[in-house]
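Below is one structure, written out as structure tokens; the observations come after it.
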Amino acid sequence: MEQTEVIETVREAILIALQIGAPPMLIGLIVGVGIALLQALTQVQEITLVFVPKIIAIFLSLFVFFPGFAAIMIAFMQSLADRMIGIN
């Protein structure tokens with residue numbers, strides 16, 4: 001592989017990592033902000049109240065988005081294998 005191919009592969013891998021990581025992190029952020037708002041409105045300052053709903057929401061989002069994530073990873077691995085053996 002030439003230097004340009006390596007740079008292109010790394011760039012593509014970073015974009016895929018963002019595509020796969022962004023949905024669960026955004027859902028965790030939204031749930032965290034919602035729980036924090038609820039805590040501020042009710043003045044319940046229980047620190048563990050934030051973690052359980054966020055963990056459940058993130059696991060549910062991973063469960064829902066997993067087929068799409070798998071399709072993205074399969075396509076990337078197939079293109080990477082094609083590059084390795086020299087098929088374009």
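Here, each number is a calculation from the coordinates, and none is a lab measurement. For clarity, every value in this text was computed on a predicted model and none was experimentally measured.
Which value at 222 nm does the chain reach when only helices count, each DSSP H run of 4 or more adding -39,500 (n - 2.57), with the total divided by all residues and rounded to the nearest 500 deg cm²/dmol?
Counting only the DSSP helices, I get -31500 deg cm²/dmol.
Could you work out Rg/(2.2 N^0.38 Å) for segment 1-43, with Rg from alpha carbons only? Show your work: numbers first, answer last.
Values: Rg = 18.4 Å, N = 43, 2.2 N^0.38 = 9.2 Å.
Compactness ratio reported: 2.00.
How tilted is helix 51-85 with respect to the longest principal axis of the chain? Cα atoms for both, answer in degrees (0 to 90, nearest 10).
That works out to roughly 0 degrees.
Based only on Cα atoms, what mean projected area does the convex hull of the chain have, in nm²?
7.2 nm²
Going by alpha carbons, how many degrees (0 to 90, nearest 10) lie between the helix axis of 3-42 and the longest principal axis of the chain?
Compared with the principal axis, the helix lies near 10 degrees.
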